Amino acid sequence: MIKIGVLTVSDRASKGEYEDLGGPAIVDYLNEVVISEWEPITVIVPDVQDTIAAAIKDFATQECAMVITTGGTGPAPRDVTPEATEAACDKLLPGFGEQMRTASLQYVPTAILSRQIAGLCGTTFVINLPGKPKAIAQCLDAVFAAIPACIEMAGGPHLETNTTRFTAFHPVHKH
Amino acid sequence: MIKIGVLTVSDRASKGEYEDLGGPAIVDYLNEVVISEWEPITVIVPDVQDTIAAAIKDFATQECAMVITTGGTGPAPRDVTPEATEAACDKLLPGFGEQMRTASLQYVPTAILSRQIAGLCGTTFVINLPGKPKAIAQCLDAVFAAIPACIEMAGGPHLETNTTRFTAFHPVHKH
Amino acid sequence: MIKIGVLTVSDRASKGEYEDLGGPAIVDYLNEVVISEWEPITVIVPDVQDTIAAAIKDFATQECAMVITTGGTGPAPRDVTPEATEAACDKLLPGFGEQMRTASLQYVPTAILSRQIAGLCGTTFVINLPGKPKAIAQCLDAVFAAIPACIEMAGGPHLETNTTRFTAFHPVHKH
């Protein structure tokens, strides 16, 4: 059973003042594209760098194949998810941030404001997504084709994806 | 009255051996696209990392909404503007450099040599432009649509831009 | 006589368990595109960060105009060439990695997994390429037009390239 960490980073969601929409959107996306037996481990933390980094490391200790974060990637003073991710990771993979920003630029010119990164914490692949649920599928569509290979090369498990369903469902992959 | 810092980085211009063309080109550009009442604070410094970083921090202390630098972004030994900017900033915004290089590649293959970055020094948005006056509009056209949102999200003032004039004037935005 | 360092990074090739294909592919490429008199200095090292960094610095001490590495740029635990390159360089040039990944994406979605960077070690230009021989020409085609200018701006020698042959041979440049 493959474990995938889903980390919502939001001051308000962590206090229960705001419904977490990002986390469930990630689980929905994964339910569509991952064929391998998997289970999500969902955690909500406030926008505090050390807390976010500790949550990522904890997912790695639990041998999650992947950790997907949502929120805290923008230019606001409280947005520190990329810094926390960099602190938790041994290696960074700059191509993911570049490609997700390029893809998001098709939808909004403010896509360049997202500071989202990806990297490896041990053999666990970690990737930042914006907080807006709509941006989650847009970003993952742009990079998901490379994720199973990344996880395997890093020493993680084989993640089978439903490429038919995936391709059919996500228009970006049609071109 | 919104303040915008315009920082020319050039050994020769700082000694008066060379006319500063980059600074005035930035002011001209802003006069066309910024509708809000604003005033430029123009400074010229030599290519010295600590001096550049101190000038950026000084603009932030003066509560500039934005600092635009010109010069010192290339591969020459004296080019240290990106390093100085990184040292002065609390947060980096990699999407700006990526997008400006991509846009400049339409004009010259050497666009990839520009090491220009953007970031936030407190609530002040900081962005590096090349020294060549022609490259200034090319780079700003590629990213200006995202700048007012960035400044507001970072806690700075509302910057009204003349999108009609802007769109009409700068061909890159037509496509 | 211009010297160009060709550094193969591979545990297996360094032990002689595997034929080095990347190094010869780089020499072949340079034979086609470089007109100036030049000689390669080829070295093979294992995937050890300090060893790779020391080899790069040694090439710079020998006044190589350029160092091209192959291998060790992926997400595998032993892949540390980018980290070694960053440690050896005084300045980084992020546009090279961005542009090579963008070009490689035309061929494979896993191009974003390459963590390859470029920078300057003194006046020596350093660039990482993937280990796969096929990716070497794809990556160099995407950025070579900017390399001679970079070397000269950094204080290195004038590198004459056969642009006709180059353009004719490499399809990416036709568009």
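The values are calculated or read from the model by the stated rules, or taken from the named source; none is laboratory data. Everything quoted here is computed from the prediction, not taken from an experiment. Neighbour counts run over all protein chains shown; Cβ positions are idealised from the backbone, glycine included. Please note that ligands, DNA and RNA were not included when accessible areas were found on the heavy atoms of the full protein model with its side chains. Shrake-Rupley method; radii C 1.70, N 1.55, O 1.52, S 1.80 Å.
Assorted remarks:
- As a length-normalised measure over Cα pairs under 8 Å and 6 or more apart, the relative contact order of chain C settles at 25 percent.
- Shielded by partner chains, segment C:57-76 residues - at least 40 Å² of accessible area, 1.4 Å probe, vs chain alone: C:PRO75
- Chain B: most fluctuating residue of B:VAL108, B:VAL143, B:VAL45 per GNM, C-alpha cutoff 10 Å: B:VAL108
- With all protein chains in place and a 1.4 Å probe, the accessible surface of segment B:2-153 carries 52 percent carbon and sulfur.
- Between C and A, accessible area buried - total, square angstrom, nearest 100, 1.4 angstrom probe: 1300
- When chain C is treated as a GNM with alpha-carbon contacts under 10 Å, the residue of C:ILE35, C:ILE151, C:ILE68 showing the greatest mean-square fluctuation is C:ILE35.
- Within the shell defined by Cβ-Cβ distances under 14 Å, the residues around B:VAL108 carry a net charge of +3, with Lys and Arg each +1 and Asp and Glu each -1.
- In a reduced charge model with +1 at each Lys and Arg Cβ and -1 at each Asp and Glu Cβ, the protein assembly as shown shows a dipole moment near 960 debye about its Cα centre.
- Rounded if a/c under 1.5, otherwise prolate or oblate - segment A:2-153, Cα gyration tensor axes: rounded
- Accessible surface area normalised per residue over the protein assembly as shown is 42 Å², counting heavy atoms of protein chains with a 1.4 Å rolling probe.
- When chain A is described by a simple charge dipole with +1 on each Lys and Arg Cβ and -1 on each Asp and Glu Cβ, the residue from A:ILE41, A:PRO24, A:CYS64 located farthest towards its positive end is A:PRO24.
- Summing Cβ point charges (Lys, Arg +1; Asp, Glu -1) relative to the Cα centre of segment C:2-153 gives a dipole of roughly 340 debye.
- Beta bridge orientation in segment C:46-168: antiparallel %, DSSP, nearest 5: 55
- Simple spin-label estimate for C:GLU160 and B:GLU19 in nanometres, 7 Å along Cα-Cβ: 3.7
- Of the residues C:SER114, B:SER14, ranked by 1.4 Å probe accessible area with the largest first, the sequence reads B:SER14, C:SER114.
- Dividing the convex hull volume of the alpha carbon atoms of the protein assembly as shown by its residue count gives 155 Å³ per residue.
- Fluctuation leader among C:THR161, C:THR61, C:THR81 - chain C, Gaussian network, Cα springs under 10 angstrom: C:THR61
- Counting DSSP beta bridges with both ends in the protein assembly as shown, the antiparallel % (nearest 5): 30
- With the label put 7 angstrom out from Cα along the Cα-to-Cβ vector, A:THR163 ends up 4.1, 4.1 nm from the copy partners, going from closest to farthest.
- Between copies, the label points at B:GLU63 (set 7 angstrom from Cα along Cα-to-Cβ) are spaced 5.7, 5.7 nm, reported in nanometres from shortest to longest.
- One residue of chain A places its C-beta nearer than any other to the axis carrying A onto C; that residue and its whole-Å distance are A:GLU98, 3.
- log10 of Debye I(q)/I(0), alpha-carbon scatterers only, for segment A:75-149 at 0.19, 0.27 Å⁻¹: -0.77, -1.38
- Note on A:LYS91: lysines with a C-alpha under 24 Å away, same-chain residues under 8 apart excluded, are A:LYS3, A:LYS57, B:LYS91, C:LYS57, C:LYS91, C:LYS132.
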